[in-house]
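Structure first, then comments.
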Amino acid sequence: MEIVLIVLVFIALLLYIVWLPFFKSRSKDQNSKSTQASPKNNIRDETNVELYKEHKAEIEKDFSDGRIDEENYQYLLAELDNSLLQDIEAAEKESKIIVSNKSLSMLWPLSLSLFIIAFSIALYVKQGTLMAFITTPSAEHSNQQTQISAEQQEKSQQAQALAYIKELQQHLENSPDDGKAWYNLGQTLVSAGEFDMAITAFEQVIRIEGEQADLLGAIAQASYYRNNQQIDEQVQNLIDRALALDPNDPSTNILLGMHNFISQEYQKAIEYWQRVINAKRQGVNTNALQEAVNEAKSRLGISSLTSNKPTQTEPELAGPELTISVSLSDDIAKQLAQGEDKIVFVYAIPTNGQRMPLAAQKLMASDLPTVITLSNKNTMSPANNLSSVSQVHIYAVVSQQGSVGIKLGDFKAEVQNISVNNTETITLLVDSLVK
């Protein structure tokens, strides 16, 4: 009801403002009229008559004294009469103008008043009822507020992301070799759905810092989302390269776990996610991953009480173990000693022509000579490990570019057709230049 009173008071105030000048004007007109009706206030008319009489007496006196002749006498009397008539006519015209103004002065406040009242009635009719005008249903109001709040929050987040992207881009214009800034830009662009631009940003990090598993995994994730959550040949190649560098790379394993979860391959999803949890890497939200593992187990009918225990199909299970001694020839060791330390990849691939490593380890040239073990713990994929084949080819590659694969200018060693059940130490002497 307070709103109703406020509206009524506001309308009354408008009407008062509109009519106040009219009433003031009317009061003045009444005073003027009463003044004109009083004999004492007819000064103008009386003055004109007195002046007329005086001038006429002077003309008659001049005529009787012989100062003017008959013709001038009659002319002056006629002019005097005309002057009096003109003064009387001017007074009458002025009076008519005042009366006319009085008759029109009431139109404008009346018109404004009618408009205000008509507008108020029309607004009332449009709203249907007065209660509908001043109140709205509380549930509808709450839903509208919630919707507006969610939209505002989303717009705010988008605005913040765009501002951060712009800030990073401006920074990189002045510092194009800031790998951390490029990486942050790539992550933000992925969140904004700009996958092509994100891939370009991650590639800039590789240009600056070299090929690393987490960077390949980040590109794989962006490519996966760009490809409508499908793993095509390009995405699979990125995944293989990332896992060859680091079998426990979080970004790559999380991607594989999510892809298998979407495909309802819950056991595989658990294996990939559990691998990341067991690695205990910094910057990984293991609580969220554990919740994802629990959800996958729930869909498999496994109790979440066992969620913190390793799954029976994880790569820590016993299986083939190949002991490998890796060393450099004297000539290659001298060449490498003159430059920066190089990455060394030791891996086993199946003999059927598939290039995806079944197990791999990454070393540095400065670590050689050394003895390592390839087993199911070093697998790239739980479904493709040493236990899945009977024989393998084993390679040791000193990479000049720090990337997976054998390229021109790399140094390598290899042994062919080794049984996965071999128990003897396998010797790999890196002594060949890839041409």
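No lab work stands behind these numbers, since they all come straight from the coordinates. The structure presented is a predicted model; accordingly, all values stated were derived computationally and were not measured. As a convention, Cβ positions derive from the backbone with ideal geometry for all residues, glycine included, and neighbour counts pool all protein chains shown.
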By average C-beta atoms within 10 angstrom, highest first, the peptides 368-376, 423-431, 356-364, 155-163: 356-364, 368-376, 423-431, 155-163
Extension gain (nm, one decimal) between residue 180 and residue 407, 0.36 nm per residue minus Cα-Cα: 78.9 nm
Amide hydrogen neighbours beyond the local backbone of residue 426, cut-off 5 Å, H modeled: 323, 324, 325
Inter-probe distance in nm under a simple model that places probes 7 Å from Cα toward Cβ, at residue 422 and residue 158: 5.9
Long-range amide H partners of residue 68 with built H, under 5 Å: 63
Highest to lowest packing among 409-419, 282-292, 220-230, scored as the average C-beta count within 10 Å: 220-230, 409-419, 282-292
Flagged links, alpha-carbon separation over 31 Å, of 334/362; 280/407; 180/280; 155/280; 166/407; 377/407: 280/407; 155/280; 166/407
Cα→Cβ-extended label distance, 7 Å offset, between residue 372 and residue 335, nm: 2.0
Segment residue 58-residue 429, extension gain: residue separation times 0.36 nm, minus the distance between their alpha carbons: 118.4 nm
In order through the range 172-183: 3J(HN,Hα) via Karplus (6.51 cos²θ - 1.76 cosθ + 1.60), integer Hz, x for Gly, Pro: 6, 4, 8, 10, x, 9, 8, x, 5, 5, 4, 5
Cα-projected label distance for residue 170 with residue 295, points at 7 Å along beta-carbon direction, nm: 3.8
Net lengthening on full extension, residue 50/residue 391 (0.36 nm per residue, minus Cα-Cα): 108.2 nm
Relative contact order computed over the range 321-433 (Cα-Cα under 8 Å; 6+ residues apart), in percent: 36
